[in-house]
Amino acid sequence: MRTNPLGSFVAADTPLSRIDARVKLLLLLVFTAGVFACQAAWAIVVWFALLALAMRAARVEWRSLVRAVRPVTVILLFTLLANALVLDGHGDITIVGPLGISTAGAVRGACAVLRIVLLAGFACAVSASTTPPEISDACVRLLRPLGAVGVSVADIGLVLSLALRFIPIVAEEYGRIQMAQRSRGVRFDEGGLFERVRVWASVLTPLVVGLFRRADSLAESMASRCYANGSSIEIPARSFCRSDWALLIAGIVVTCSMVLTGIMGW
(Lines give C-alpha, C1' and ligand atoms only; values in the text may rest on other atoms or scores of the structure.)
Protein backbone atom coordinates (compact mmCIF):
# COMPACT_ATOMS: atom_id res chain seq x y z
CA MET A 1 0.00 0.00 0.00
CA ARG A 2 1.18 3.53 -0.76
CA THR A 3 0.42 7.10 0.09
CA ASN A 4 -0.49 9.50 -2.67
CA PRO A 5 -1.94 12.99 -2.90
CA LEU A 6 -5.54 13.27 -3.97
CA GLY A 7 -5.70 13.26 -7.76
CA SER A 8 -2.54 11.21 -8.39
CA PHE A 9 -2.53 7.74 -9.92
CA VAL A 10 -0.80 4.82 -8.21
CA ALA A 11 0.81 2.66 -10.89
CA ALA A 12 -0.08 -0.79 -9.59
CA ASP A 13 -2.18 -3.74 -10.71
CA THR A 14 -4.97 -3.62 -8.14
CA PRO A 15 -8.49 -5.09 -8.11
CA LEU A 16 -9.99 -1.61 -8.40
CA SER A 17 -7.70 -0.57 -11.25
CA ARG A 18 -9.10 -3.42 -13.36
CA ILE A 19 -12.63 -2.01 -13.09
CA ASP A 20 -13.87 0.19 -15.94
CA ALA A 21 -13.43 3.90 -15.20
CA ARG A 22 -17.07 4.58 -16.11
CA VAL A 23 -18.22 2.19 -13.39
CA LYS A 24 -16.01 3.89 -10.80
CA LEU A 25 -17.26 7.36 -11.73
CA LEU A 26 -20.90 6.25 -11.68
CA LEU A 27 -20.44 4.61 -8.30
CA LEU A 28 -18.69 7.74 -7.01
CA LEU A 29 -21.77 9.77 -7.96
CA VAL A 30 -24.12 7.18 -6.45
CA PHE A 31 -22.12 7.01 -3.23
CA THR A 32 -21.99 10.81 -3.01
CA ALA A 33 -25.77 10.99 -3.21
CA GLY A 34 -26.12 8.11 -0.77
CA VAL A 35 -23.75 9.59 1.82
CA PHE A 36 -25.85 12.75 2.04
CA ALA A 37 -29.21 10.97 1.74
CA CYS A 38 -28.55 8.57 4.64
CA GLN A 39 -29.07 10.54 7.85
CA ALA A 40 -28.80 7.69 10.37
CA ALA A 41 -25.63 7.36 12.44
CA TRP A 42 -25.34 3.66 11.63
CA ALA A 43 -25.14 4.55 7.94
CA ILE A 44 -21.88 6.44 8.57
CA VAL A 45 -20.38 3.25 9.99
CA VAL A 46 -21.50 1.24 6.95
CA TRP A 47 -20.09 3.89 4.59
CA PHE A 48 -16.72 3.76 6.34
CA ALA A 49 -16.75 -0.03 6.00
CA LEU A 50 -17.34 0.38 2.26
CA LEU A 51 -14.58 3.00 2.14
CA ALA A 52 -12.20 0.57 3.86
CA LEU A 53 -12.99 -2.02 1.17
CA ALA A 54 -12.42 0.54 -1.59
CA MET A 55 -9.12 1.71 -0.09
CA ARG A 56 -7.95 -1.88 0.27
CA ALA A 57 -8.99 -2.73 -3.30
CA ALA A 58 -7.00 0.29 -4.53
CA ARG A 59 -4.08 -0.51 -2.19
CA VAL A 60 -4.04 3.01 -0.82
CA GLU A 61 -3.05 3.75 2.76
CA TRP A 62 -5.22 5.78 5.11
CA ARG A 63 -2.41 8.33 5.33
CA SER A 64 -3.37 9.38 1.81
CA LEU A 65 -6.85 10.25 3.06
CA VAL A 66 -5.36 12.27 5.92
CA ARG A 67 -3.19 14.19 3.45
CA ALA A 68 -6.22 14.81 1.23
CA VAL A 69 -8.32 16.17 4.10
CA ARG A 70 -5.55 18.19 5.78
CA PRO A 71 -5.96 21.33 3.57
CA VAL A 72 -9.61 21.70 4.63
CA THR A 73 -9.06 20.98 8.32
CA VAL A 74 -9.99 24.55 9.27
CA ILE A 75 -13.27 24.28 7.35
CA LEU A 76 -14.05 20.95 9.01
CA LEU A 77 -13.38 22.38 12.47
CA PHE A 78 -15.52 25.43 11.69
CA THR A 79 -18.35 23.14 10.53
CA LEU A 80 -18.14 21.13 13.74
CA LEU A 81 -18.01 24.17 16.04
CA ALA A 82 -20.77 26.03 14.16
CA ASN A 83 -23.12 23.13 14.81
CA ALA A 84 -21.99 22.33 18.36
CA LEU A 85 -21.78 25.77 19.97
CA VAL A 86 -24.89 27.64 21.14
CA LEU A 87 -25.11 31.20 22.47
CA ASP A 88 -28.64 31.25 23.90
CA GLY A 89 -27.82 29.64 27.22
CA HIS A 90 -29.72 26.44 26.43
CA GLY A 91 -26.71 24.23 25.72
CA ASP A 92 -26.51 20.75 27.20
CA ILE A 93 -23.01 21.59 28.45
CA THR A 94 -22.34 25.12 29.72
CA ILE A 95 -18.90 26.56 28.99
CA VAL A 96 -19.14 30.15 30.20
CA GLY A 97 -22.18 32.40 30.48
CA PRO A 98 -24.63 31.77 27.62
CA LEU A 99 -21.97 29.89 25.65
CA GLY A 100 -22.49 26.16 25.66
CA ILE A 101 -22.38 22.96 23.64
CA SER A 102 -25.42 21.29 22.15
CA THR A 103 -25.12 17.51 22.10
CA ALA A 104 -27.47 17.19 19.12
CA GLY A 105 -25.59 19.94 17.29
CA ALA A 106 -22.24 18.28 18.01
CA VAL A 107 -23.53 14.99 16.61
CA ARG A 108 -24.92 16.79 13.56
CA GLY A 109 -21.61 18.59 12.99
CA ALA A 110 -19.59 15.40 13.45
CA CYS A 111 -21.77 13.62 10.88
CA ALA A 112 -21.25 16.47 8.42
CA VAL A 113 -17.47 16.30 8.91
CA LEU A 114 -17.46 12.52 8.50
CA ARG A 115 -19.46 12.82 5.27
CA ILE A 116 -16.83 15.15 3.83
CA VAL A 117 -14.10 12.71 4.87
CA LEU A 118 -16.02 9.87 3.20
CA LEU A 119 -16.30 11.76 -0.08
CA ALA A 120 -12.59 12.58 0.00
CA GLY A 121 -11.81 8.93 0.69
CA PHE A 122 -13.88 7.57 -2.19
CA ALA A 123 -12.40 10.20 -4.53
CA CYS A 124 -8.92 9.23 -3.35
CA ALA A 125 -9.58 5.55 -4.08
CA VAL A 126 -10.90 6.34 -7.57
CA SER A 127 -8.05 8.70 -8.45
CA ALA A 128 -5.43 6.25 -7.17
CA SER A 129 -6.77 3.41 -9.35
CA THR A 130 -7.58 5.38 -12.51
CA THR A 131 -5.25 7.34 -14.78
CA PRO A 132 -6.24 10.92 -15.76
CA PRO A 133 -6.75 9.89 -19.43
CA GLU A 134 -9.08 7.10 -18.31
CA ILE A 135 -11.08 9.48 -16.12
CA SER A 136 -11.44 12.12 -18.84
CA ASP A 137 -12.31 9.50 -21.47
CA ALA A 138 -14.92 7.97 -19.15
CA CYS A 139 -16.47 11.40 -18.61
CA VAL A 140 -16.55 12.02 -22.36
CA ARG A 141 -18.31 8.70 -22.96
CA LEU A 142 -20.81 9.28 -20.16
CA LEU A 143 -21.55 12.83 -21.35
CA ARG A 144 -21.69 11.92 -25.04
CA PRO A 145 -25.52 12.20 -25.22
CA LEU A 146 -25.12 15.94 -24.51
CA GLY A 147 -23.37 16.29 -27.86
CA ALA A 148 -26.80 16.03 -29.49
CA VAL A 149 -27.72 19.43 -28.03
CA GLY A 150 -24.49 21.13 -29.09
CA VAL A 151 -22.33 20.60 -25.99
CA SER A 152 -18.63 20.21 -26.85
CA VAL A 153 -18.02 17.04 -24.88
CA ALA A 154 -14.47 16.60 -26.24
CA ASP A 155 -13.42 20.00 -24.90
CA ILE A 156 -14.91 19.14 -21.50
CA GLY A 157 -12.84 15.97 -21.47
CA LEU A 158 -9.68 17.90 -22.36
CA VAL A 159 -10.22 20.48 -19.61
CA LEU A 160 -10.90 17.73 -17.08
CA SER A 161 -7.79 15.82 -18.14
CA LEU A 162 -5.61 18.92 -17.76
CA ALA A 163 -7.13 19.74 -14.37
CA LEU A 164 -6.50 16.21 -13.09
CA ARG A 165 -2.94 16.31 -14.37
CA PHE A 166 -2.25 19.63 -12.65
CA ILE A 167 -3.46 18.50 -9.20
CA PRO A 168 -0.35 16.40 -8.38
CA ILE A 169 1.85 18.95 -10.17
CA VAL A 170 0.59 21.72 -7.88
CA ALA A 171 1.17 19.53 -4.81
CA GLU A 172 4.70 18.65 -5.89
CA GLU A 173 5.57 22.25 -6.79
CA TYR A 174 4.18 23.50 -3.48
CA GLY A 175 6.21 20.96 -1.51
CA ARG A 176 9.39 21.78 -3.43
CA ILE A 177 9.06 25.55 -2.89
CA GLN A 178 8.18 25.17 0.79
CA MET A 179 11.17 22.89 1.34
CA ALA A 180 13.45 25.39 -0.40
CA GLN A 181 12.18 28.20 1.83
CA ARG A 182 12.67 26.09 4.96
CA SER A 183 16.26 25.39 3.92
CA ARG A 184 16.79 29.17 3.84
CA GLY A 185 15.68 29.44 7.46
CA VAL A 186 12.07 30.50 6.86
CA ARG A 187 9.69 29.51 9.68
CA PHE A 188 6.02 29.16 8.74
CA ASP A 189 4.68 28.65 12.27
CA GLU A 190 6.29 31.63 13.99
CA GLY A 191 5.49 35.35 14.20
CA GLY A 192 2.30 37.36 14.11
CA LEU A 193 -0.48 37.37 11.54
CA PHE A 194 1.14 39.82 9.11
CA GLU A 195 4.51 38.10 9.45
CA ARG A 196 2.96 34.74 8.58
CA VAL A 197 1.14 36.26 5.60
CA ARG A 198 4.45 37.64 4.34
CA VAL A 199 6.15 34.28 4.84
CA TRP A 200 3.42 32.35 3.02
CA ALA A 201 3.54 34.90 0.20
CA SER A 202 7.12 33.75 -0.39
CA VAL A 203 5.67 30.33 -1.23
CA LEU A 204 2.44 31.21 -3.01
CA THR A 205 3.96 33.86 -5.29
CA PRO A 206 6.53 31.58 -6.99
CA LEU A 207 3.93 28.79 -7.00
CA VAL A 208 1.43 30.89 -8.99
CA VAL A 209 4.17 32.18 -11.29
CA GLY A 210 5.37 28.64 -11.92
CA LEU A 211 1.84 27.45 -12.72
CA PHE A 212 1.36 30.27 -15.22
CA ARG A 213 4.68 29.34 -16.80
CA ARG A 214 3.59 25.72 -17.10
CA ALA A 215 0.24 26.80 -18.56
CA ASP A 216 2.01 28.94 -21.18
CA SER A 217 4.28 26.05 -22.12
CA LEU A 218 1.27 23.74 -22.41
CA ALA A 219 -0.58 26.25 -24.61
CA GLU A 220 2.43 26.59 -26.91
CA SER A 221 2.77 22.82 -27.09
CA MET A 222 -0.91 22.42 -28.03
CA ALA A 223 -0.63 25.18 -30.64
CA SER A 224 2.45 23.58 -32.20
CA ARG A 225 0.49 20.34 -32.52
CA CYS A 226 -2.34 22.20 -34.28
CA TYR A 227 -4.89 21.37 -31.63
CA ALA A 228 -8.38 22.62 -32.53
CA ASN A 229 -11.71 22.69 -30.71
CA GLY A 230 -13.30 19.28 -30.72
CA SER A 231 -10.03 17.42 -31.21
CA SER A 232 -9.75 14.38 -29.01
CA ILE A 233 -7.88 11.12 -28.67
CA GLU A 234 -10.09 8.43 -27.23
CA ILE A 235 -8.98 5.30 -25.47
CA PRO A 236 -10.30 2.27 -27.37
CA ALA A 237 -13.77 1.48 -26.07
CA ARG A 238 -14.46 -1.77 -24.28
CA SER A 239 -17.66 -3.32 -23.06
CA PHE A 240 -18.42 -3.87 -19.41
CA CYS A 241 -17.30 -7.28 -18.21
CA ARG A 242 -19.03 -9.34 -15.54
CA SER A 243 -17.03 -7.80 -12.71
CA ASP A 244 -17.95 -4.29 -13.92
CA TRP A 245 -21.65 -5.07 -14.02
CA ALA A 246 -21.52 -6.94 -10.70
CA LEU A 247 -19.80 -4.05 -8.89
CA LEU A 248 -22.08 -1.42 -10.43
CA ILE A 249 -25.28 -3.31 -9.58
CA ALA A 250 -24.07 -4.19 -6.09
CA GLY A 251 -23.12 -0.57 -5.36
CA ILE A 252 -26.48 0.75 -6.53
CA VAL A 253 -28.42 -1.92 -4.62
CA VAL A 254 -26.50 -1.29 -1.38
CA THR A 255 -26.94 2.48 -1.66
CA CYS A 256 -30.66 2.27 -2.44
CA SER A 257 -31.18 -0.21 0.39
CA MET A 258 -29.47 2.09 2.89
CA VAL A 259 -31.44 5.13 1.72
CA LEU A 260 -34.78 3.28 1.86
CA THR A 261 -33.94 1.82 5.27
CA GLY A 262 -33.19 5.30 6.58
CA ILE A 263 -36.40 6.74 5.10
CA MET A 264 -38.54 3.99 6.62
CA GLY A 265 -36.85 4.50 10.00
CA TRP A 266 -35.58 0.95 10.46
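The values are calculated or read from the model by the stated rules, or taken from the named source; none is laboratory data. Small disclaimer: the values here were computed from a predicted structure and weren't measured. All Cβ positions, glycine included, derive from the backbone under ideal geometry; neighbour counts span all protein chains shown.
Within the bounds of segment 34-49, is there any residue that is within 28 Å of A12 (Cβ to Cβ) and under 13 Å from the mean Cα position of the chain (by Cα)?
Within segment 34-49, none of the residues are within 28 Å of A12 (Cβ to Cβ) and under 13 Å from the mean Cα position of the chain (by Cα).
For the condition under 24 Å from F48 (Cα atoms), small (G, A, S) and part of a helix (DSSP H, G or I), what is the one hit in G105, G147, G157?
Step by step, each of G105, G147, G157 is checked, and only G105 is under 24 Å from F48 (Cα atoms), small (G, A, S) and part of a helix (DSSP H, G or I).
Which residue pairs have Cβ atoms under 8 Å apart, sit 6 or more places apart or on different chains, and have a first residue in segment 188-211 that is part of a helix (DSSP H, G or I) and a second that is of a type in the set (G, A, S)?
Listed pairs, sorted by first residue: V199/G191.
Return the residues of segment 69-98 that are over 29 Å from A58 (Cα atoms) and modelled with pLDDT of 85 or more; say none if nothing qualifies.
Correct list: F78, T79, L80, L81, A82, N83, A84, L85, V86.
When only residues in segment 72-104 that are within 26 Å of the chain's Cα centre (by Cα), of a type outside the set (A, V, I, L, M) and surrounded by 12 or more Cβ atoms within 10 Å (Cβ to Cβ) count, which is farthest from A120 (Cα to Cα)?
N83
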